[in-house]
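In what follows, a single structure is set out as structure tokens and then discussed.
The values are calculated or read from the model by the stated rules, or taken from the named source; none is laboratory data. Values in this document were obtained by computation on a predicted structure and should not be read as measured data. Virtual Cβ from ideal backbone geometry, glycine too; neighbours counted across all protein chains shown. These accessible areas exclude ligands, DNA and RNA; they are computed on the full protein's heavy atoms, side chains included. Shrake-Rupley method; radii C 1.70, N 1.55, O 1.52, S 1.80 Å.
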Amino acid sequence: MNLTLKVWKQKNSATQGSFETYQVKNISSEMSFLEMFDVLNEQLIEEDKDPIAFDHDCREGICGMCSMYIDGRPHGPWSQNTTCQLHMRAYKDGDTIVVEPWRANAFPVLKDLIVDRQAFDRIIQAGGYISVNTGNAQDANNLPIEKAKADEAFASAACIGCGACVAACKNSSAMLFTSAKVTQLSLLPQGEPERKSRVLDMITQMDKEGFGACTNTGACEAVCPKGISISNIARLNKEYIRAGLIV
Ligand code: SF4
Ligand code: FES
């Protein structure tokens with residue numbers, strides 16, 4: 001199939017960007033969205049033009065790098081899916097596809113479709129870890145954990161830190177991401193010792209990075225490629241209030 005692409009080009013965060021229009025030909029419906037970009041970039045390099053900069057690593061829905069806003073939706077039209085898992089069979093011959101970077105002050109554009117998501121790393125560094133010395137790995141049965149809690153912690157741990165929740169939110173809120181990380185640890189006994197400082201420090205860092213507040217629109221949950229539930233945000237708020245009450 002032949003497609004028209006309107007792609008955001010921007011030299012860096014200090015310059016203004018704009019849309020460039022490209023034609024891509026003979027794209028197979030079997031290709032992934034990123035492979036289609038590879039074809040376009042090879043074509044641009046052959047024509048001695050600047051290729052489109054985009055982030056990617058695993059290309060199998062694990063690393064969370066492939067941040068692209070496709071036709072007004074993070075990660076494109078398929079639900080619970082990353083850009084790298086989107087395939088060209090989602091489109092038909094002659095389609096026009098508009099591709100932009102994540103747009104949020106806390107995620108400045110580095111180049112074209114690549115944004116700097118180190119703000120997420122700093123939130124994790126503020127408390128998204130367990131620092132108690134747990135010694136060698138124990139036998140799993142030594143530490144019984146209720147099945148429902150283990151399942152919930154595991155579901156929250158599925159967050160890949162892609163930032164789609166921030167990009168979709170009108171407030172650029174990072175509450176879904178932060179709540180997933182806080183929930184994952186607060187539900188497990190290993191996370192208990194630092195439960196209070198974790199939530200206070202991660203929320204302080206989240207605010208410092210310039211992410212907005214949650215107003216419960218649910219846009220984050222709707223676009224999350226890992227189906228992280230908005231109920232985690234209620235848990236985050238509960239953890240925050242609890243931490244404030246415990247002296
Ligand atoms: S909560 Fe979902 S959308 Fe947000 S960073 Fe994690 S995986 Fe990505
Ligand atoms: S490239 Fe790793 S999740 Fe898409």
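So that you can scan it fast, the table gives a plain yes or no per residue for (1) within 26 Å of LYS147 (Cβ to Cβ); (2) within 16 Å of ligand 1 (Cβ to nearest atom); (3) not assigned by TED's automatic domain parsing to the domain that holds THR82:
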{"position": "ALA164", "(1), (2), (3)": "no, yes, yes"}
{"position": "MET175", "(1), (2), (3)": "no, yes, yes"}
{"position": "GLU192", "(1), (2), (3)": "yes, no, yes"}
{"position": "GLU209", "(1), (2), (3)": "no, yes, yes"}
{"position": "CYS214", "(1), (2), (3)": "no, yes, yes"}
{"position": "LYS226", "(1), (2), (3)": "yes, yes, yes"}
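Filtering the stretch 71-86 to residues that are touching a strand residue (DSSP E or B) at 6+ places or on another chain (Cβ under 9 Å) and either at pLDDT below 95 or surrounded by 18 or more Cβ atoms within 10 Å (Cβ to Cβ) (or both) leaves HIS75, GLY76, THR83, CYS84, GLN85, LEU86. Can you name the number of the only condition in (1) within 16 Å of ligand 1 (Cβ to nearest atom); (2) open to solvent by less than 20 Å² (accessible area, probe 1.4 Å); (3) of a type outside the set (Asp, Glu) that ARG198 fails? Looking at each condition in turn, ARG198 falls short on (1).
In the set (1) modelled with pLDDT under 95; (2) open to solvent by 40 Å² or more (accessible area, probe 1.4 Å); (3) not in a loop (DSSP other than H, G, I, E, B), THR204 fails one condition alone, (1).
Annotation note: Cβ proximity below 8 Å between a residue of the stretch 142-171 that is over 23 Å from GLY218 (Cα atoms) and a residue that is within 16 Å of ligand 2 (Cβ to nearest atom) and not in a helix (DSSP H, G or I) (sequence gap 6+ or interchain) occurs for no pair.
Beta carbons closer than 6 Å, at least 6 apart along the sequence or on distinct chains, pair a first residue in the stretch 24-53 that is of a type in the set (Gly, Ala, Ser) with a second that is open to solvent by less than 10 Å² (accessible area, probe 1.4 Å) and part of a loop (DSSP other than H, G, I, E, B) for ALA53/ASP112. Kindly evaluate GLY210 against the criterion of being under 26 Å from PRO108 (Cβ atoms), away from ligand 2 (no atom under 16 Å from the Cβ) and not acidic (Asp, Glu). When the stated conditions are applied, GLY210 passes them.
Would you mind stating whether THR15 is among the polar types (S, T, N, Q), open to solvent by 10 Å² or more (accessible area, probe 1.4 Å), assigned to a strand (DSSP E or B) and over 18 Å from GLY161 (Cα atoms)? I'd like the intermediate steps shown before the answer.
On the way: among the polar types (S, T, N, Q): yes; open to solvent by 10 Å² or more (accessible area, probe 1.4 Å): yes; assigned to a strand (DSSP E or B): no; over 18 Å from GLY161 (Cα atoms): yes.
Criteria not met by THR15.
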